[in-house]
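The values are calculated or read from the model by the stated rules, or taken from the named source; none is laboratory data. Since the structure is predicted, the reported quantities are computational estimates derived from the model, not experimental observations. In this analysis, Cβ positions are derived from the backbone assuming ideal geometry, glycine residues included, and neighbour counts consider all displayed protein chains.
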Amino acid sequence: MATVIPVDASVFAESLAITGRIGLSSQDALIYAAVLAHLRTGIHPGPHFFISKNWKDFSDPRIETDLAQWNCEFLSSFDEGTLRLEQPLPD
């Protein structure tokens, strides 16, 4: 199931901090901040996958560490995402 993630003032503020901390472009930082804000809601149990073909920017150890705190993994292709979704969930 895909989810549309809302963007509000707090997400914009966090994106500015992310730009300084990780060095993402403002557009990428906004996307990443929205993903983190959504994960923090805890609405859906994991595992979670953040999928983007923009692997050059998002495949960063700091991002992977942040996401892992929320049982989320960065995947760099939708094919990879499909394969992961077809795997059975761990017990």
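Determine whether residue 88 is at pLDDT below 85 and surrounded by fewer than 11 Cβ atoms within 10 Å (Cβ to Cβ). When the stated conditions are applied, residue 88 passes them. Pairing each residue of the stretch 43-67 that is farther than 19 Å from residue 24 by Cβ and loosely packed, with under 13 Cβ neighbours inside 10 Å with any residue that is of a type outside the set (Lys, Arg) and at pLDDT 85 or above, provided the two are 6+ apart or on different chains, yields C-beta distances under 6 Å for 46/71. Selection over the stretch 39-51 of residues that are touching a helix residue (DSSP H, G or I) at 6+ places or on another chain (Cβ under 9 Å) and at pLDDT 85 or above gives a count of 6. Filter the stretch 66-91 down to residues that are among the small types (Gly, Ala, Ser) and in a helix (DSSP H, G or I) and give me whichever is nearest to residue 12 (Cα to Cα). Filtering first and then ranking leaves 68.
Given the structure, is residue 15 hydroxyl-bearing (Ser, Thr, Tyr) and surrounded by 13 or more Cβ atoms within 10 Å (Cβ to Cβ)? When the stated conditions are applied, residue 15 passes them. Within the stretch 1-41, if we keep just the residues that are in contact with a Phe, Trp or Tyr (Cβ under 8 Å, 6 or more places away or on another chain) and of a type in the set (Ser, Thr, Tyr), the residue that is nearest to residue 72 (Cα to Cα) turns out to be 32.
Of all residue pairs spaced 6 or more apart or on separate chains, those with beta-carbon atoms under 7 Å, a first member in the stretch 12-26 that is under 11 Å from residue 62 (Cα atoms) and a second member that is of a type in the set (Gly, Ala, Ser) and in a helix (DSSP H, G or I) are 18/29; 18/33. Within the stretch 11-65, the set of residues being within 12 Å of the chain's Cα centre (by Cα), outside any helix (DSSP H, G or I) and of a type in the set (Val, Ile, Thr) comprises 51 only.
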